[in-house]
Structure formats: C-alpha cells, structure tokens
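Right, one structure below, let's go through it.
A short reminder: the numbers here are calculations on the coordinates, not readings from a lab. Since the structure is predicted, the reported quantities are computational estimates derived from the model, not experimental observations. Counting neighbours? That spans all protein chains shown, and the Cβs are built from the backbone with ideal geometry, glycine included.
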Amino acid sequence: MARDLFSRYIWLIDTIRRYGSLTRDEINRLWIKSPYSNGEPLPRRTFYTYRNAIEELFKINIECNPSTFEYYIEQSNDHYESVMNWLLNSASIGNLLNDAHDIADSIFLENVPSAREFLSITVDSLKERRPMKFNYHPYTRLNPTRDIVLEPYFLKIFKQRWYVTGRNVKEDVIKTYALDRMSEATLLPSVYEIPEDFDAEAYFRDSYGIIFDEGEVKHVAVRTDSRQAKYFRSVPLHASQQEVLHDSYSIFYFKIKITPDFVQELLSYGPKVTVLSPPELRAIMINNLREALAQY
C-alpha cells in the first residue's frame, strides 16, 4: 500500500509539472485515465492529503492560483530543482517499468552498479554528518587502500557511476572516490561539519566530469558538423557551453579545465569534432590520436 501511495504522489507531481497548471476538474479527468483510479475521480479530501504528503516527503509545494483556480508547482532554486528532477524521473521510470512487466524482455537499461550497495550509506553519511570508513580498490593498484576515513561533501553521478567527494581525514585533502570501488563501508559514530566557505557547485563548476583538482581553466573552441551540433544543443557538454552557428557547421565555446576525462570525451566524437583552441589542447588531441593510430 505504501508503495502504491508513493506511485500516486509521483503521478500527481509528474502530471502537474507536465501541463504547467491544471484545475481540479482537469486533474480529475487525467486521474480517471490513470492506472491508479479504478475509473473513479480523485476525491477532494484525498487530493489535499496527497498535496500535504508531497510537501512533507519531497519539499514540493503544489500551489493554487486564486484567480484561475489552477494548481501549479512552486519553483525552487536551480540546484534543488535539478536534484528533484533526477529523483522524480528515476521514480517515474520505476513506476512505468513496474506497469510494463509483460514487455520486460523488450526493455534494455544501462547498468549503474555503484548505486546498489554503497549509495544509501553515503547518503546517510551526508544527512547525518557522520564520517565513512571504507576500503578502496582503485584500478591503478593491485592492493586496496584500507580504512579510509572520509567526510563527504557532495555526491555526483557521471556516466552511470556514482562518486563521492569529501575530506580524506588522514591526508587532510579533498578527494573523490567511486562508490563501486569501495568495500566494507561503515558509518563512524563521530560527527563532522562541512566548512562554511566550501561551495560544492563552485568546486566542480569548471570541470567536465569528476576530476576537479587538475588542470587550469581555459577557453576552449571546438568545431562540429551540423548533425553533431544538434546533439550538443540537446545535451550540452558543459554548463559554460555557447554556440556560434555557421552555414554547415557550428563552433562551440567552453570555459573549462583541460582534464583527462574532458579529453577522452572529445576523442570519443572522432572526426565529428575538431579542437580549434587552445593550442595545448590541440597538441594533446594530436598526440592521443597518433598513439591510437600507432596501435594499428
């Protein structure tokens, strides 16, 4: 029953967000068509109960415009909005797939192994401000680093993998760890505080992926063909992205750190992307392409 209620909350949030604003009658018409209604309208008292529960669970306010009697979702800050969008999209997809079990053989999803075991304990660490202790198995070493104590500052997902960034207590430096390379993670009884002057968004603002403490911020320009430009427009490579459109190509500009993960991303586009500047990034690209060609 609790799971069914959660699905109903998600349905109500998704529906109002999708349409922008709806009256009670419009919500009812859509509700009757949903899999949760049994063909019956949503009682007024139940609707208000759901509104209160959504505000309490998700910190999302469903407000009513007194002049039009339309319900809408109150806007929050951009970062909170992006986190809630991700959570709600994930929950919505889960609800959809639960209802589509009869065609499960025809649905293929990407695996996110790092979310299975240690995401919940990392979230608990952030919520309760309790350090984590774990062993870490980097790909670059045969033996794990044992008993790392970390004070998490923020979580970030990148290319289907979860990463946590925080202060390594022993080394007293900020480091980033992949959750799927952890083992034997536990919470410690002590508590910690995130420094007041630490700004998580500013910390990774100039980075492409999860390498935050390398490279200098540079003004990067890349040329793409018109087809690839459409992909960059729909899913920007970085928040600083700007485009100058030409007849048969586009030039995209970025203010970004030149880090290994950014270089690998550019290389992955092959001849569809050409680095125009800065010269040092062009040299890195040329060197990587020559080394790759030498393997053949």
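Which of the lysines could be linked to LYS33 by a straight reach, that is with a Cα gap under 29 Å, when you skip same-chain ones fewer than 8 residues away?
The qualifying lysines are LYS59.
Could you list which residues have their amide H under 5 Å from that of VAL273, counting only those 5 or more apart in sequence or on another chain, with H placed in the peptide plane?
none
Let me know the charge dipole size of the stretch 114-204 about its Cα centre in debye, to the nearest 20, where only the beta-carbon of Lys, Arg (+1) and Asp, Glu (-1) is charged.
480
Taking the Cβ of each residue in HIS238, HIS246 as the centre, tally the other Cβ atoms inside 10 Å and list the residues starting with the fewest.
So the ranking, lowest neighbour count to highest, is HIS246, HIS238.
What list of ³J(HN,Hα) couplings, whole Hz, do you get for the stretch 275-285 from phi and the Karplus terms 6.51, -1.76, 1.60, once you set θ to phi - 60° and write x for glycine and proline?
6, 9, 7, x, x, 5, 6, 4, 5, 5, 4
Could you work out how far the C-alpha centroid of the stretch 234-276 sits from that of the stretch 1-47, in angstrom?
Rounded to whole Å, the Cα centres lie 42 Å apart.
Please give the contour-minus-distance gain from GLU55 to ARG141: 0.36 nm per residue of separation, less the Cα-Cα distance, rounded to one decimal in nm.
Working: separation 86, 0.36 × 86 = 30.96 nm, distance 4.66 nm.
Extra length available between GLU55 and ARG141 comes to 26.3 nm.
Exceeding 19 Å between C-alpha atoms, which entries from my cross-link table qualify? They are LYS175/LYS257; LYS230/LYS257; LYS175/LYS255; LYS170/LYS257.
LYS230/LYS257; LYS175/LYS255; LYS170/LYS257
Any idea how far the Cα center of the stretch 116-131 sits from the one of the stretch 133-175, in Å?
13
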